[in-house]
């Protein structure tokens, strides 16, 4: 039961749980990195199981349970927090006299917003969240809801050995991580962000993105899987293109590389589907 591969799977789950706790306590600057660490453990648990020939049905079940925490619940909580922050960002923007209510303390700002939301939601304390909009952050539930079905379908679908049907939960999670990473990296300059960035991080936009991308997890679209049966160019050109362009994006685009890579992944998958269709 407690072999090396399963311990790596457990480490995946522990990182996901830690990310959830940090997010709810306002540390959305740190929480994404625990999910990224979990993704590393998730990659190596399968690799170790194959190399040591210790694959088992128990390991497969543990992997899905850990993934549900890390790539289902954790990103759902992160987007719940991000939508909450998008409801009222007035303290991040300069007032008429140029001053700002908020100044530099990231964890306190996020925690204060979460606390204000809870006060309005559970105790009907009048504040900027005290309206029907206080229910909007629960749109984050769409992520674990569709992740559950995505993971269950993957476990029983024999057609996903070399292709994915629907966006994999780790890829979906990485996409959602862009929002806290960009927000926290630019928080002290938020009043100088262009209008389209402010619109992107508005609560309604974030809610729509959350629903839309969650649905992609259970969509019938066929997507590239980074599984190499050989390393020839003819059989893997789209995989090589994805890896190469992803590396360039990481070097040039900083946090914007995350959505760029995800959309590149979707685009190359669609192109490959059309190019390999038989007439």
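The values are calculated or read from the model by the stated rules, or taken from the named source; none is laboratory data. This one's a predicted model, so the numbers in the text were calculated from it and none came from an experiment. Ideal geometry is used to build each Cβ from the backbone, glycine not excepted, and the neighbour counts take in all protein chains shown.
Table: residues versus (1) under 17 Å from residue 79 (Cα atoms); (2) part of a loop (DSSP other than H, G, I, E, B); (3) touching a residue at least 40 places away in the same chain (Cβ under 8 Å).
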residue	(1), (2), (3)
127	no, yes, no
142	yes, no, yes
148	yes, no, yes
164	no, no, yes
177	yes, no, yes
181	yes, no, yes
205	yes, no, yes
209	yes, no, no
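If the condition is being in contact (Cβ under 8 Å) with a residue 60 or more places away in the chain and farther than 26 Å from residue 71 by Cα, then the range 183-203 contributes 188, 190, 191, 198. In the range 129-140, the residue that is modelled with the lowest pLDDT out of those that are assigned to a helix (DSSP H, G or I), in contact with a helix residue (DSSP H, G or I) (Cβ under 8 Å, 6 or more places away or on another chain) and surrounded by fewer than 20 Cβ atoms within 10 Å (Cβ to Cβ) is 133.
Within the range 102-120, identify whether any single residue is under 22 Å from residue 68 (Cβ atoms), modelled with pLDDT under 75 and in contact with a helix residue (DSSP H, G or I) (Cβ under 9 Å, 6 or more places away or on another chain), and answer yes or no. The answer is no, given that none of the residues of the range 102-120 is under 22 Å from residue 68 (Cβ atoms), modelled with pLDDT under 75 and in contact with a helix residue (DSSP H, G or I) (Cβ under 9 Å, 6 or more places away or on another chain). Can you find even one residue in the range 17-39 that is closer than 18 Å to residue 173 by Cβ, without any contact (Cβ under 8 Å) to a residue 40 or more places away in the chain and assigned to a loop (DSSP other than H, G, I, E, B)? Scanning the range 17-39 turns up at least one residue that is closer than 18 Å to residue 173 by Cβ, without any contact (Cβ under 8 Å) to a residue 40 or more places away in the chain and assigned to a loop (DSSP other than H, G, I, E, B). Within the set 77, 21, the sole residue that is closer than 26 Å to residue 9 by Cα, at pLDDT 95 or above, loosely packed, with under 15 Cβ neighbours inside 10 Å and within 20 Å of the chain's Cα centre (by Cα) turns out to be 21.
The residues listed here are 4, 85, 52; of these, the one that is more than 26 Å from residue 149 (Cβ to Cβ), surrounded by 22 or more Cβ atoms within 10 Å (Cβ to Cβ) and touching a residue at least 24 places away in the same chain (Cβ under 8 Å) is 85. Among all positions in the range 52-62, there is at least one residue which is at negative phi and modelled with pLDDT of 90 or more.
Among the residues of the range 217-237, at least one is without any contact (Cβ under 8 Å) to a residue 24 or more places away in the chain, surrounded by 14 or more Cβ atoms within 10 Å (Cβ to Cβ) and within 22 Å of residue 43 (Cα to Cα).
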